[in-house]
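Okay, so here's the structure we're looking at.
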Amino acid sequence: MNATPNLTLWGVGTSRTIRPHWAMHELDLAYETKPIGPRTGETKTAEYTKLNPRQKIPLLQDGDFCIGESAAIVAYLSRTYSTAERSLIPDATREYAAWLEWCFFIVAELDSTSLYVMRRHRADALGPIYGIAPEVVAQAGEYFRQQLRHVEVALADGRQFLMGERFTSADILLTTCLEWAIAYGVGICDNAQPYLERIKKREAFQRAIAANAPLVPITPAPIKV
Ligand SMILES: N[C@@H](CCC(=O)N[C@@H](CS)C(=O)NCC(=O)O)C(=O)O
């Protein structure tokens, strides 16, 4: 492992960009932030496109290595920079597999199939670009609630975190989805409420909120229909 990593994180201001900021703070890593925002045109510059041809935030530079996709960045940081004192990922093969299962479940079912579909088709979000579709939005919200039952079971019996008594980066992904769901008026299960309260008291979470705040309010580029 690199003893003095040279880490730069691009992107602030969204529920995806906060994920790697949070992982960095949990792991107590020093890094530089390039505070570019979503839908500002900043992901389309030649300099940025060279680093990330997908033209999306977040993006992590670790020395001469670049990685995009928020969940992949969090997994990379967890694997590369966890220590005995600060770890975001289980070691044992089956626990690691269960962690992977949670990460893929959250990204595929809660984020991409539910919340992001709502974002794409809400009139007050990206609907003017991708089509305003109230029925699709309602169904996606319902599907989110159904899928959240798996989280409800995992958090039963007063369990602290998704994987039991130990905080992992799957909790980072889940928290961002729960906050997003609340912002969209989708109810979350009862035991997710105290879970969220617990998580939000974490110092690393609070530092990540500050690190993810845009320096100036983000003014999105006009929507092109
Ligand atoms: N699946 C990607 C999604 C990233 C994404 O869609 N980022 C948006 C902002 S939330 C973006 O950069 N859009 C292009 C832009 O705003 O210029 C991830 O989790 O990192």
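The values are calculated or read from the model by the stated rules, or taken from the named source; none is laboratory data. Just so it is clear, the structure is predicted and the values come from calculations on it, not from any experiment. As a convention, Cβ positions derive from the backbone with ideal geometry for all residues, glycine included, and neighbour counts pool all protein chains shown. SASA here: full protein model, heavy atoms, side chains in, ligands and nucleic acids out. Shrake-Rupley method; radii C 1.70, N 1.55, O 1.52, S 1.80 Å.
If GLU109 meets every condition in (1) assigned to a helix (DSSP H, G or I); (2) over 20 Å from ALA72 (Cβ atoms); (3) of a type in the set (D, E, K, R) apart from one, which number is that one?
Status for GLU109: all satisfied but (2).
Within the group THR80, THR8, THR17, THR40, which residue is surrounded by 14 or more Cβ atoms within 10 Å (Cβ to Cβ), touching a helix residue (DSSP H, G or I) at 6+ places or on another chain (Cβ under 7 Å) and among the hydroxyl-bearing types (Ser, Thr, Tyr)?
Unique residue meeting the criteria: THR17.
What number goes with the only condition from (1) away from the ligand (no atom under 16 Å from the Cβ); (2) more than 30 Å from ALA30 (Cβ to Cβ) that MET118 does not pass?
So MET118 meets the others, but not (1).
Show the residue pairs meeting these rules: Cβ distance below 6 Å; 6+ apart or different chains; first residue within region 159-172 and without any contact (Cβ under 8 Å) to a residue 40 or more places away in the chain; second residue open to solvent by less than 10 Å² (accessible area, probe 1.4 Å) and part of a loop (DSSP other than H, G, I, E, B).
The qualifying pairs are ASP171/LEU162.
Considering only region 93-107, I want to know if a residue exists there that is open to solvent by 30 Å² or more (accessible area, probe 1.4 Å) and in contact with a Ser or Thr (Cβ under 6 Å, 6 or more places away or on another chain). Lay out the reasoning, then the answer.
The first filter runs over region 93-107 and keeps only residues open to solvent by 30 Å² or more (accessible area, probe 1.4 Å), leaving 93-98, 100-102, 104-105, 107.
Going one step further and asking which of them are in contact with a Ser or Thr (Cβ under 6 Å, 6 or more places away or on another chain), we end up with none.
No, region 93-107 contains no residue that is open to solvent by 30 Å² or more (accessible area, probe 1.4 Å) and in contact with a Ser or Thr (Cβ under 6 Å, 6 or more places away or on another chain).
Inside region 114-225, counting only helices (runs of 4 or more DSSP H) that do not spill past its ends, which hold 2 or more residues that are open to solvent by 80 Å² or more (accessible area, probe 1.4 Å) and either among the basic types (Lys, Arg) or at pLDDT below 95 (or both)?
Those helices (runs of 4 or more DSSP H) span 134-154.
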